[in-house]
1. Over all directions, how big on average is the projection of the convex hull of the alpha-carbon atoms in the range 14-69, in square nanometres?
2. Could you please put LYS163, LYS63 in sequence from largest to smallest accessible area, using a 1.4 Å probe?
3. Would you mind giving the average projected area, over all directions, of the Cα convex hull of the range 108-197 in nm² with one decimal?
4. Of all accessible surface on the range 16-100 at a 1.4 Å probe, what whole percent is carbon and sulfur?
5. Which pairs, out of LYS31/LYS58; LYS55/LYS98; LYS31/LYS74; LYS50/LYS124; LYS74/LYS124, put more than 26 Å between their alpha-carbon atoms?
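The values are calculated or read from the model by the stated rules, or taken from the named source; none is laboratory data. The structure presented is a predicted model; accordingly, all values stated were derived computationally and were not measured. Quick note on the areas: whole protein, heavy atoms, side chains included, nothing else; ligands and nucleic acids left out. Shrake-Rupley method; radii C 1.70, N 1.55, O 1.52, S 1.80 Å.
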Amino acid sequence: DYVVVKMIPDNRLPPRHLHAVHTGKTFAVIKWESPYDSPDQDMLYAVAVKDLVRKTDKIYKVKSRNSTVEYTIKKLEPGGKYHVMVQLGNMSKESSMKINTVPLSAPDALKIITENDHILLFWKSLALKESNFNESRGYEIHMFDSLMNITAYLGNTTENFFKVSNLKIGHNYSFTVQAQCLYGGQMCGEPATLLYDELGTGEDSSATKSGRPTDVAAIVVPVLFVLLLTLGIGFVVLYMRHRRLQNSFTAFANSHYSSRLGSAIFSSGDDLGDEDDEAPMITGFSDDVPMVIA
């Protein structure tokens, strides 16, 4: 023998197993189960979202007959904090939870360039990879002195560089750059951190790689300029000598050109001594010319 019992649905029960499936920068996917199994009609849920930072509220209505309901909350802000409450539309008991959206990414390629009495922090624009970031929001820079164990807020900027002065010799510093915090410092971007101790004993590799190219360039560029200038002058001198030799040879060749033979005639050194041989030979003397013998 057996008995079939059908329970009467209780619409005063809260939704079950409310949790977040996925959280992004501007959205959150939440999931819950109906107050009882296998609803036989559409159930209307009220999803209340309270912004704990801005102190604002929004209510969304969701209708479903499924035992498991999934809903995406949109138009959230990166790094925000929210309180989510789900209940039936008849204001029954609710289920609630807190969610935090993903903050903006840290700026890329944070580098240090060392100058005479200060350093410059450089980084890539966050707008290159974050569509939700506007350059007008800007960045804020913090510095941590490990020797003094002190963290200092240096300021903010809308540029992609920041000047830091008055660093003490022998101190190790850590610099962080992040998207400007909003609403009392509660909605911040992820920080990019860089160690710097070039003024002390342990020179930071990233600072060295960023600072040395400037010094090397200051030496290499003038040397290359001098070498190029010297080579240019040498080519000009060689060219002028070549032109002068060519002109001298042309003039010499023209002066020995024979139009009868159609070529230039040059005599060698051996022919110079034969000029006396070509002179007419003296065959005799006249009788009326006295001969004097010494």
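1. 4.3 nm²
2. Ranked list, largest accessible area first: LYS63, LYS163.
3. 6.0 nm²
4. 47 percent
5. Listed pairs above 26 Å: LYS50/LYS124; LYS74/LYS124.
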